[in-house]
Structures are given as structure tokens and as C-alpha cells.
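Derivation of every value follows stated rules applied to the coordinates shown; laboratory data play no part. Predicted model only: the values in this text are computed from it and were never measured. Cβ placement follows ideal geometry from the backbone for every residue including glycine, while neighbour counts extend to all protein chains displayed.
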Amino acid sequence: METNLFLVLTRFGAVLEFLGLVELAGTTFGPFANLSSDPRAERYVRPEAEVNVIVRTSEIELPVIDLAKLIHPEFSKEEAAKLHLTCQEWSFFQLVNHGVPEELIEGLKADTVEFFNKPLEEKMAYKQDNDGTLQGYGQAFVLSEEQKLDWCDMFYVMTRPTAFRNMKFWPTSPSTFRDNIDRYSLELTKLASCLWQYIARNLGVAPEVFVQLFKDHPQGMRFNYYPPCPEPEAEKVIGISPHSDATGFSILLQINDEQGLQIRKDGEWIAVNALPNALIVNLGDVTEVLSNGIYKSIEHKATINTETTRISLVAFHGPDNLDMLQPLPEVVGDGNPNYGSMSYQEFMKAYF
């Protein structure tokens, strides 16, 4: 399997340089088996990286929400209460019986693997433009030639509303890739609509309020490719740096069996093992503000492996009809808001 080269861009789209991750990692951990032997590797190695103690999920399990129970009249009340407690205490949960067709998921997984396995020149046909939108193949949020880089190759497309799509970034090979992205996008839109209704009710808000806030279901999909990183530098390389998501919520699909998601809870980093066929949902910064802090948006990151590749897909679901980002009056009630007001445009500029 060929590892990718990074096309490194600034936010404003200016190409800084090409960094050959295939040479740095090496298909057999050579000739650059020791990253310190190549000066380009300094962009990835972080000597100051904190050594974190990881609590395995055998000790602390990520909560599981069963969508079939959530929508079933007999079990809905109990499962909705479980969802509320999970959102308060964890902000992350695994969603099972979510209704996304298995054949669609398996087809999308196969297409994603095939795309990333293509020769570099084929993937570069979908490279990011100089317009700062992040759509396309490359790497996100590179602001300078001095900053440390994440050990991750990215392919990003806007999927909803459909008017936001720029089809020149949608690969025509594999032949089923475009259709599977479109179908998966629609399935997640329906899933998001369902989850927002229960989240709204749990917060004491009429579901119609959230329907209006997220009515056109703005959605972007980020396909992540983490090649193996050789030792000893692997401990000082990060797949994706710690962050929270500037969204309503995000939905993660593991493309292959390699794990790497970690979440920060009670000051400790917890390694998450995705259940087979589960989707992992995490609440974003927008939901934290709208809920007046009842629900939190917590830090998470991606780690790398020294021997195997990890591939994942994250779908980000943001608000649509939102001029000002502030706690919802229905949630605040007679109390005090824990967050100030900010235009959503200002919030997004501050985040990015």
C-alpha cells in the first residue's frame, strides 16, 4: 500500500510545500525508519508532547444508545433518559441499531480504502483549491511553515445542503464512491433529525426549535487516513491534535478495524474501542452553548499506530438558521446564561 504525500496548505489556500509522508514513514519503515534522520520530520515530531496515561475501555465503557429502543413507544422514555444522562456526563456515545443500511456502510468503506490506495497523482486530481474552503484532498488548518503537523491525510467534501456541493472534489473512481457518499449523507441527515428531536425534549425545548435551527442540515464529511509511524518517534507524533468540534454534533464511522480515538474525561485520556457496526456521536461546541452548558463539548484526539493504517470518516452537523449563538431562552429559564452572545459568523472565525 502506498502512503500519501501531504499537500500542505494554509487556511487561505497558499501552497507551502510538499511533505513526503511516504518517505518519512516508509512502506517498510525505511529508509527513514528513524524520523529524526530526515529534517522534514521535525514538522511532525513534538518533543514537548505530554505523555498521557490511557484508561482502557475495558475499565471505562463508552455509553451505548440503542436507536431502535429510542424510537420504540415501549422503551423510548427509558432510553431517552439514558441519552440525557449520557450527554450530561460523557458528550460521547456509541449508537447502535441506527438504521443505516449495512450494505451502504460496507460499500462506502470499500470505496474509501480504494481511494486512499490510489496513486498520488490520481488523488491529487482532487487537491484543495486556494479558496480556503478545505474541500478536497490535502491537510487542514496549516497556518505557517513552522507549526507542528498532524500525522493525517484528509479528504473533505461539503455534502449538505446539496447547493454547497462542489462536484469537482467528488471522486469519480471508485465508480460507486459518489453515489455512496450521497446515500450515506442522506441517511445521516435522517438520523440527525431523529436525534435532535430527543435532545430537544431532554433539554425542555420544543423539537420544532431544533428543527428550525438545523433545518437544512449543513453537513461536511472528512475522510481521515493515518499511515503507520515508525518508532521511536511514534510517541511524539499525533494523528489529530486535541480539539473539540465547532458543530452541533459529529458522527464517526470507523472505516477499518484499527482504533485510535481518545476522549478526555475527568482529566484522563480514555481510549475508545468502536463496537462493530456502531456509529460514535459526539456533541459539539454549538450544542454546549445552546444547552447553556448542560451538555459539554469535550476534547478528543486521534493517535497513530506503529504498524498499521487507520482510516475513519467523520460527518459534521452544524446549524443553519442561526444568526446569534447563545443559550436558548427555554433552557435558561429564570436562571442566568453561562455563555454570552456571539454572531455565529464571529464564532466560526474565532474557531478557524
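Shape index of the stretch 134-230: Rg/Rh, with Rg the Cα radius of gyration and Rh the Kirkwood radius from the inverse mean 1/r over Cα pairs, equals 1.08.
The share of Cα pairs per 5 Å bin across the stretch 168-279, counted from zero up to the longest distance, runs 2, 8, 14, 17, 18, 17, 12, 7, 3, 1, 0 percent. Ordering of 104-113, 333-342 by packing is 104-113, 333-342, highest average first (other Cβ atoms within 10 Å, averaged per residue). Here the ratio of the Cα radius of gyration of the stretch 219-352 to 2.2 N^0.38 Å is 1.20. By the compact-protein rule of thumb, 2.2 N^0.38 Å, the alpha-carbon radius of gyration of the stretch 86-193 corresponds to a ratio of 1.24. Karplus-derived 3J(HN,Hα) values for the stretch 89-102, using 6.51 cos²θ - 1.76 cosθ + 1.60 with θ = phi - 60°, are 9, 10, 6, 10, 7, 8, 10, 10, 6, 7, x, 6, x, 4 Hz; glycine and proline are entered as x. Size check on the stretch 297-352: the Cα extents along the three principal axes, sorted descending, read 55, 23, 18 Å. The Cβ shell under 11 Å around ASP257 holds other residues with a net charge of +1, Lys and Arg each +1, Asp and Glu each -1. Computed from the C-beta positions of VAL211 and GLU121 and an R0 of 51 Å, the FRET efficiency is 0.70 to the nearest 0.05. Look at the alpha carbon pairs under 8 Å that are at least 6 residues apart: their mean separation over the length of the stretch 229-352 gives a relative contact order of 32 percent. Look at the alpha carbon pairs under 8 Å that are at least 6 residues apart: their mean separation over the length of the stretch 97-201 gives a relative contact order of 29 percent.
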